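Participant: One structure, as structure tokens, below. Some questions next.
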Amino acid sequence: MHRLAACTIVLMALLVGAQTWVEAQKPQPAKSTAAASTAVVNLNTATAEQLDSLPGVGAKVAARIIEYRQKNGQFRKIEDVMNVKGIGEKAFLKMKNRLAVGPTKPTSNGQ
């Protein structure tokens with residue numbers, strides 16, 4: 001009888017351990033917030049970190065955008081970002097809804 005109880009305890013411990021392992025294998029949600037992933041980025045004022053948050057833009061391309069801005073002045077329209085090496089039409093289409101070149105519109109409905 002004691003042997004059956006001991007086997008039951010060991011079996012339960014294995015099941016709990018297996019369940020814990022299975023839970024650990026499930027993909028975890030991204031740590032970035034939805035607001036951060038949809039925030040509008042002003043090409044003329046954005047930091048490298050803000051530019052890096054755009055889809056298809058990494059640290060190198062963010063640095064190129066800033067370099068382009070310093071050499072050529074402000075972007076006049078969002079499509080001008082395609083003049084930066086590494087940003088073609090395909091990349092532009094992925095990020096265009098998150099780009100701005102002028103003051104962003106207030107989100108308040110109070111006016």
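Participant: Counting only residues 5 or more places away or on other chains, whose amide H sits under 5 Å from the amide H of V41 once H atoms are built in the peptide plane?
Facilitator: L99, A100
Participant: Here is a follow-up. Contour minus end-to-end for T47 and K96, with contour as 0.36 nm per residue of separation and end-to-end as the Cα-Cα distance?
Facilitator: Numbers: separation 49, 0.36 × 49 = 17.64 nm, distance 1.73 nm.
Full-extension gain reported as 15.9 nm.
Participant: Which whole-Hz couplings ³J(HN,Hα) result when phi for each residue of the range 72-80 is put into the Karplus expression 6.51 cos²θ - 1.76 cosθ + 1.60, θ = phi - 60°, listed in order with x for Gly and Pro?
Facilitator: 10, x, 5, 6, 8, 9, 5, 5, 4
Participant: Between I9 and K85, what is 0.36 nm times their sequence separation minus the Cα-Cα distance? Round to one decimal in nm.
Facilitator: Working: separation 76, 0.36 × 76 = 27.36 nm, distance 6.32 nm.
So the chain would gain 21.0 nm between I9 and K85.
Participant: Report the extension gain between Q70 and A39 in nm, rounded to one decimal, defined as 0.36 nm multiplied by the number of residues separating them, less their alpha carbon distance. Present the calculation step by step, with values, prior to reporting the outcome.
Facilitator: Details: separation 31, 0.36 × 31 = 11.16 nm, distance 2.31 nm.
Going from the current span to full extension adds 8.8 nm.
Participant: Provide the convex hull volume over Cα atoms per residue for the range 47-96, in Å³. The partial results should precede the final answer.
Facilitator: Details: hull volume 3.3 nm³, N = 50.
Enclosed volume per residue, from the Cα hull, is 67 Å³.
Participant: With θ taken as phi - 60° and the coefficients 6.51, -1.76 and 1.60, list the Karplus ³J(HN,Hα) couplings across the range 59-65 in order, rounded to whole Hz; mark glycine and proline as x.
Facilitator: 3J(HN,Hα) across the range 59-65, in whole Hz: 4, 5, 5, 4, 5, 5, 5.
Each reported figure results from applying straightforward, stated rules to the coordinates on display, with no laboratory input. Given the structure is predicted, the values throughout are model-derived calculations rather than measurements.
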